[in-house]
Amino acid sequence: MKNLPTDLLRTFVTINQLGGFTQAGERLGRSQPAISLQMKRLEELLGVKLFNRGQGLQLTEEGQLLLTCAQRMLELNDTLISRLSTPRVSGAVRLGIPNDFEVSFLATTLGRFAQSYPGVTLDVSSDISATLLSDYKKGAYDLVMAIEESRPEQHQLTDYITEPLVWVRNTNMLLSADQPLPLILYPKGCLYRRTIINALNKANLPWRVVYSSSSLLGIQSAIKAGLGISVLSKSTVPEGLEASSSFAHCPDLGTVSIGFCYNNSSLSPAGQMLLDYLKQGLNAL
């Protein structure tokens, strides 16, 4: 029976996460030729082709199967290593995360953290970033993940990444140039809402709010129902919805920064462990 080295599987998954051999090499500290050799070795071990040559990084059917299984295998590997090789940590951490990330991060990053550190109690709340940052200053959270405008000189956040904002709609929805844009928005105070309205007003495009919700699931459901269009950061767009930086006459909305707000001197060991997990999850988007 053959054994698949986890370093080859991790390289394969990282290539697909980041979209290229070069990017994966930069993340893993290897050269592009070394990454290529690893993939050649993995294909030889399995006796199958993982990529459709000449079509970029498009996976073969076997490659798709391996990706699904490799992600589960690495998750189990990383959880086991964390449980056995890191100090036992206990305590409670109050975490605030943006509505956009409550679904993806609760199901993946926070789930893995809870399995790796069962002695840590997580008190997690989701809200719009403006409210999270305001409540953090009042002492409501130990650690906050938030979204801000891409203006480094004004950032409250550290360890941030930059993401494009994209218009999101149901694939069957048609927009009429002579009708106000039907908008699905988070409540007042949301950065997305402010960015959308400012951009449309600047472009002299009429708009109207047809649905407002503080819940990501509510926003997604309204889009899927065809009530209107909305805007999300690129990595949070669910499958089945169409996303683009601009739709017909809709303007480009630029980028946002996603990062963390915390006091390093007062963050507990449990909080620091959680922060490290969140950073890894954010960088993997």
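The values are calculated or read from the model by the stated rules, or taken from the named source; none is laboratory data. These figures come from a predicted structure and were not determined experimentally. Positions of Cβ are generated from backbone atoms using ideal geometry, with glycine treated the same way; all protein chains shown enter the neighbour counts.
Against the definition (part of a helix (DSSP H, G or I), among the acidic types (Asp, Glu) and touching a residue at least 12 places away in the same chain (Cβ under 8 Å)), how does residue 135 come out, yes or no? Reasoning before the result, please.
Numbers: part of a helix (DSSP H, G or I): yes; among the acidic types (Asp, Glu): yes; touching a residue at least 12 places away in the same chain (Cβ under 8 Å): yes.
So residue 135 passes the test.
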Query raised in the report: Here is a list of conditions, (1) part of a loop (DSSP other than H, G, I, E, B); (2) at negative phi; (3) at pLDDT 90 or above; (4) loosely packed, with under 15 Cβ neighbours inside 10 Å, and residue 172 meets all of them except one; can you say which number that is?
Result: (3)
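On the given criteria, is residue 110 within 19 Å of the chain's Cα centre (by Cα), closer than 16 Å to residue 231 by Cα and either assigned by TED's automatic domain parsing to the domain that holds residue 250 or not in a loop (DSSP other than H, G, I, E, B) (or both)?
Numbers: within 19 Å of the chain's Cα centre (by Cα): yes; closer than 16 Å to residue 231 by Cα: no; either assigned by TED's automatic domain parsing to the domain that holds residue 250 or not in a loop (DSSP other than H, G, I, E, B) (or both): yes.
The answer is no for residue 110.
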Query raised in the report: Name the pairs whose Cβ atoms lie under 9 Å apart, with the first residue in the range 31-49 and under 17 Å from residue 1 (Cβ atoms), the second of a type in the set (A, V, I, L, M, F, W, C) and at pLDDT 90 or above, and 6 or more positions between them or separate chains?
Result: 42/8; 42/9; 42/12; 42/50; 42/66; 45/8; 46/66; 48/66
Query raised in the report: Could you count how many residues in the range 26-47 are in contact with a Lys or Arg (Cβ under 7 Å, 6 or more places away or on another chain) and either over 21 Å from residue 61 (Cβ atoms) or of a type in the set (Asp, Glu) (or both)?
Result: 1
Report summary line: Subset of the range 91-115, residues in contact with a Phe, Trp or Tyr (Cβ under 8 Å, 6 or more places away or on another chain) and among the hydroxyl-bearing types (Ser, Thr, Tyr), comes to 109
Query raised in the report: Quick one: would you say residue 74 is under 26 Å from the mean Cα position of the chain (by Cα), surrounded by 16 or more Cβ atoms within 10 Å (Cβ to Cβ) and modelled with pLDDT under 90?
Result: yes
Requested in this report: Scan the range 162-196 for residues that are more than 24 Å from the chain's Cα centre (by Cα) and of a type outside the set (Ser, Thr, Tyr) and jot them down.
Outcome: 172, 173, 174, 175, 177, 178, 179, 180, 181, 182
**Report entry** Single match in 103, 144, 124 (criterion: β-branched (Val, Ile, Thr), out of contact with any His (no Cβ under 6 Å at 6 or more places or on another chain), at pLDDT below 80 and over 30 Å from residue 4 (Cβ atoms))
**Finding:** 103
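Against the condition crowded, with 16+ Cβ neighbours inside 10 Å, without any contact (Cβ under 8 Å) to a residue 40 or more places away in the chain and not aromatic (Phe, Trp, Tyr), how does residue 28 come out, does it pass? Before the answer, list the steps.
Details: crowded, with 16+ Cβ neighbours inside 10 Å: yes; without any contact (Cβ under 8 Å) to a residue 40 or more places away in the chain: yes; not aromatic (Phe, Trp, Tyr): yes.
It is true that residue 28 is crowded, with 16+ Cβ neighbours inside 10 Å, without any contact (Cβ under 8 Å) to a residue 40 or more places away in the chain and not aromatic (Phe, Trp, Tyr).
Per-residue answers, yes or no, for (1) hydrophobic (A, V, I, L, M, F, W, C); (2) more than 25 Å from residue 73 (Cβ to Cβ); (3) in contact with a Pro (Cβ under 9 Å, 6 or more places away or on another chain):
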| residue | (1), (2), (3) |
| --- | --- |
| 96 | no, yes, no |
| 99 | no, yes, no |
| 106 | yes, no, no |
| 110 | yes, no, no |
| 115 | no, no, no |
| 125 | no, yes, no |
| 136 | no, yes, no |
| 139 | no, yes, no |
| 145 | yes, yes, yes |
**Report entry** Among (1) surrounded by 20 or more Cβ atoms within 10 Å (Cβ to Cβ); (2) of a type outside the set (Asp, Glu); (3) more than 24 Å from residue 18 (Cβ to Cβ) - the single one residue 110 does not satisfy
**Finding:** (3)
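What strands (runs of 3 or more DSSP E) lie completely within the range 176-285 and have 3 or more residues being assigned by TED's automatic domain parsing to the domain that holds residue 71 and touching a His at 6+ places or on another chain (Cβ under 7 Å)? If you could, list the steps in order and put the result at the bottom.
Details: elements: 181-185, 207-212, 230-233, 241-244, 255-262.
Filter on the range 176-285 gives an empty set.
For residue 88, state whether it is of a type outside the set (A, V, I, L, M), surrounded by fewer than 18 Cβ atoms within 10 Å (Cβ to Cβ) and closer than 14 Å to residue 274 by Cα. Outline the logic, then answer.
Details: of a type outside the set (A, V, I, L, M): yes; surrounded by fewer than 18 Cβ atoms within 10 Å (Cβ to Cβ): yes; closer than 14 Å to residue 274 by Cα: yes.
Against the criterion (of a type outside the set (A, V, I, L, M), surrounded by fewer than 18 Cβ atoms within 10 Å (Cβ to Cβ) and closer than 14 Å to residue 274 by Cα), residue 88 qualifies.
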Report summary line: residue 121 fails exactly one of (1) part of a strand (DSSP E or B); (2) within 22 Å of the chain's Cα centre (by Cα), namely (2)
Report summary line: The lone condition residue 96 fails out of (1) touching a Gly at 6+ places or on another chain (Cβ under 9 Å); (2) crowded, with 16+ Cβ neighbours inside 10 Å; (3) within 30 Å of residue 136 (Cα to Cα) is (1)
Report summary line: Counting only residues that are of a type in the set (A, V, I, L, M) and surrounded by fewer than 20 Cβ atoms within 10 Å (Cβ to Cβ), the range 134-156 contains a total of 1
Query raised in the report: Which members of the range 163-180 meet the condition of being more than 20 Å from residue 101 (Cα to Cα) and charged (D, E, K, R)?
Result: 178
